[in-house]
Amino acid sequence: MCGIVGYIGGRDVVPVLLGGLSKLEYRGYDSAGIAVVKSGRLEIHKTKGRLSKLQDILKGFAASDTVGIGHTRWATHGEPSYENSHPHANCAGDIAVVHNGIIENYMKLKQWLIEQGAKFISQTDTEVVAHLINHFYVGDLLDAVTKAVAHLEGSYALGVVSDKHPDTLIAARKDSPLVVGIGDGENLIASDIPALLEYTRDVYFLNDKEIAVLGKDAITIYDEYGQTQQRESYHVEWDVSQAEKGGYEHFMIKEIHEEPRVMADTFFPRYRDGMIDLCEIGIDKQTVENTKKINIIACGTAYHAGMVGKYIIEELARIPVEVEVASEFRYRQPIIDPGQLVIIISQSGETADTLAAMREAKKRGAKIVAVVNVVGSTISREADAVLYTHAGPEIAVASTKAYNTQLMAIYMIALELARLSDTIDAAEYTRLVIGLSSVPALMNDILKTKEQLQKFACCNFSQSSVFFIGRGLDYVLSMEASLKLKEISYIHSEAYAAGELKHGTIALIEEGTLVVAIATQQKLLEKTVSNIKEVKARGARVLAVCFEGCGVPDDVADETVYLPKVDDVFAPLLAVTPMQLFAYYMAVEKGCDVDKPRNLAKSVTVE
């Protein structure tokens, strides 16, 4: 969460910082600010509110051939205010710091610094870092930063500048992402790649407890012991246009329209001679024979992808799967056997709870396979093997195309496990692989439902509560559909296993209540239709999602979205897109900020 940008070079630093921060708005924020060295003096400009307000403040302000840092803050310590906005400075105002993460021991450090004479003006944990660097500063900024971070407990990504060192930009990280951009006569830092793409495609990824010192023409990376580190750069292949709206009203609707392409990009490079080739994750027959249980660990939307994975892996490969919420897994005593397969799912590869859970599982001897979208992310670097999802940059906070590609990756893993464990024969394997290969093309047909869903949303966006019901895979999909609606439209929504309605939930159904019923599982269809009739009999208004020609009576729902027919096992891959569109249009009709929902951030890098 939050966004950091830093620049050193010959350009006017202000538009570089503001432009970079605008590329990071998707991460969520409530204030923004910059610090630049101009005419030998450090100047800080910041404000509560949107980046546009800071841009207005800085009209006419320029600072060329210099250094600067910028930040968009999402409040954790202290309310959104001018005083709590970043950057933060020492008492003399000659050292400035921007920070993502949480300093867990900041209260102890703050009290000690006050005793040393420091005066604090904010309620943030970050201001401690500025005063701590100042305490250790005796002419060498790198030495001061190195000593300061050694006293920090928790997570941090830091950008540090000082007017005493106008030729230096320092970055440091632990458990929060930070990327170093390699330019020509200029260098940059940022929380995420899109902020750098206008200036460079070559980057370094900092590892935990590393510090980078940037000048205009040099970058040096040090480990926590002060030893210089050699690092190969990574060249970003995707274009800056992929991080732009491209004529769409919002990033979210653009990313939904990209789903057919990114699902194909995830599947077809691994589809060879009629088989799925997952040699990159190193799962062989012996591994499967030794696998008695699989753990899938994730958060939020990725957790819902893991829940689909549980159903699919257990059905096809007959291996027990336990899906864990990462924030719960890390704080209990999980039972993990040495060599046990653990699948980690994360879009960003930087999710704090998921990363900590992965490290806990690895410490207990698990074999870690990560399903990740971002190349070079911390999870991708620390896992034993990685299956990249090739979704490209996802800017909207609410995940859409990244979730779809996570599902595609999970289905490929499930089919590979089934093949290696001989739980399906060759003919069934071929049939299912061909069926999976057809999904990306069918997604184009799914997108044609958007006008129908837009009209439905136009008539129903005033709902205060929505219920999603389904059975089997449809219930798992309902969980993601419900999350998508609540996070961008702020409408209360809940997902229920349809068979549980009579165990209490049906008491909430009254005249006009909106119920979304997903009914794609043929063997459960009759029972799901009965549940739809139950809520209809109590006055509910029903939106149904089912396959063409499935046998659901036309009059059982008020509105029905029909999907092109595939094997029931692949239903979540197709049915999720109408649910994303439904959530999107409900939010648009309500006038919500679809791409940047309140209180949310794209990459949750703090607990």
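Answer with yes or no whether ASN100 is under 24 Å from THR354 (Cα atoms), modelled with pLDDT under 95 and open to solvent by less than 10 Å² (accessible area, probe 1.4 Å).
It is true that ASN100 is under 24 Å from THR354 (Cα atoms), modelled with pLDDT under 95 and open to solvent by less than 10 Å² (accessible area, probe 1.4 Å).
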Verdict on ALA92 being open to solvent by 20 Å² or more (accessible area, probe 1.4 Å) and among the small types (Gly, Ala, Ser): yes
Tell me, please, whether a residue that is assigned to a loop (DSSP other than H, G, I, E, B), open to solvent by less than 30 Å² (accessible area, probe 1.4 Å) and over 15 Å from ILE294 (Cα atoms) can be found in segment 351-363. yes
Just to be sure I understand, how many residues within segment 474-519 are touching a Pro at 6+ places or on another chain (Cβ under 8 Å), open to solvent by 10 Å² or more (accessible area, probe 1.4 Å) and more than 14 Å from PHE582 (Cβ to Cβ)? 1
Being part of a strand (DSSP E or B) and either closer than 21 Å to ASP422 by Cα or open to solvent by 60 Å² or more (accessible area, probe 1.4 Å) (or both) is the filter here; which residues of segment 301-341 pass it? VAL321, GLU322, LEU341
Please determine whether any residue of segment 529-544 is in a helix (DSSP H, G or I), buried (at least 23 other Cβ atoms within 10 Å of the Cβ), under 29 Å from the mean Cα position of the chain (by Cα) and among the polar types (S, T, N, Q). no
Does ALA264 fit the bill of being buried (at least 18 other Cβ atoms within 10 Å of the Cβ), touching a strand residue (DSSP E or B) at 6+ places or on another chain (Cβ under 7 Å) and within 26 Å of ALA396 (Cα to Cα)? no
Taking only segment 1-58 into account, find how many residues are open to solvent by less than 20 Å² (accessible area, probe 1.4 Å) and of a type in the set (S, T, N, Q). 2
Flagged in segment 146-171 as free of Cβ contacts under 8 Å to residues at least 60 places away in the same chain, crowded, with 24+ Cβ neighbours inside 10 Å and farther than 19 Å from LYS110 by Cα, in numbering order, are ILE170
Selection status of GLU127, open to solvent by less than 40 Å² (accessible area, probe 1.4 Å) and acidic (Asp, Glu): yes
Note on segment 442-473: residues of a type in the set (A, V, I, L, M), in a helix (DSSP H, G or I) and either more than 21 Å from PHE267 (Cβ to Cβ) or open to solvent by 70 Å² or more (accessible area, probe 1.4 Å) (or both) are LEU453, ALA457
Checking the structure you have, find out if any residue of segment 573-587 is open to solvent by less than 10 Å² (accessible area, probe 1.4 Å), among the polar types (S, T, N, Q), assigned to a helix (DSSP H, G or I) and under 21 Å from TYR403 (Cα atoms). yes
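Can you tell me which residue among ALA302, ALA298 is within 28 Å of LYS448 (Cα to Cα) and within 21 Å of the chain's Cα centre (by Cα)? Steps first, please.
Numbers: ALA298 fails: within 28 Å of LYS448 (Cα to Cα).
None of the other options fit; the residue is ALA302.
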Any residue that is open to solvent by less than 10 Å² (accessible area, probe 1.4 Å) and either under 12 Å from the mean Cα position of the chain (by Cα) or under 15 Å from GLY309 (Cα atoms) (or both) - is there at least one of those in segment 378-386? no
Residues that are part of a loop (DSSP other than H, G, I, E, B), without any contact (Cβ under 8 Å) to a residue 60 or more places away in the chain, over 17 Å from GLY154 (Cα atoms) and out of contact with any Lys or Arg (no Cβ under 8 Å at 6 or more places or on another chain): does segment 96-113 have at least one? no
Test each condition in (1) open to solvent by less than 30 Å² (accessible area, probe 1.4 Å); (2) part of a loop (DSSP other than H, G, I, E, B) for ALA370 and report the one that comes out false. (2)
Taking first residues from segment 563-588 that are more than 24 Å from TYR490 (Cα to Cα) and second residues anywhere that are assigned to a helix (DSSP H, G or I) and among the polar types (S, T, N, Q), the pairs with Cβ under 8 Å that are 6 or more apart or on different chains are VAL566/SER438; ASP568/GLN522; LEU573/ASN404
Note down all Cβ pairs under 6 Å where the first residue falls in segment 367-378 and is closer than 20 Å to SER399 by Cα, the second is open to solvent by 10 Å² or more (accessible area, probe 1.4 Å) and charged (D, E, K, R), and they're at least six residues apart or on different chains. SER377/GLU350; THR378/GLU350
Set LYS216, LYS209: member being more than 26 Å from THR405 (Cα to Cα), open to solvent by 50 Å² or more (accessible area, probe 1.4 Å), modelled with pLDDT of 95 or more and touching a strand residue (DSSP E or B) at 6+ places or on another chain (Cβ under 6 Å): LYS216
On the basis of being in contact with a strand residue (DSSP E or B) (Cβ under 9 Å, 6 or more places away or on another chain) and without any contact (Cβ under 8 Å) to a residue 40 or more places away in the chain, does VAL67 make the cut? no
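The values are calculated or read from the model by the stated rules, or taken from the named source; none is laboratory data. Keep in mind it's a predicted model, so treat the numbers as computed, not measured. Neighbour counts run over all protein chains shown; Cβ positions are idealised from the backbone, glycine included. Accessible surface areas use protein heavy atoms only, side chains included; no ligands, DNA or RNA. Shrake-Rupley method; radii C 1.70, N 1.55, O 1.52, S 1.80 Å.
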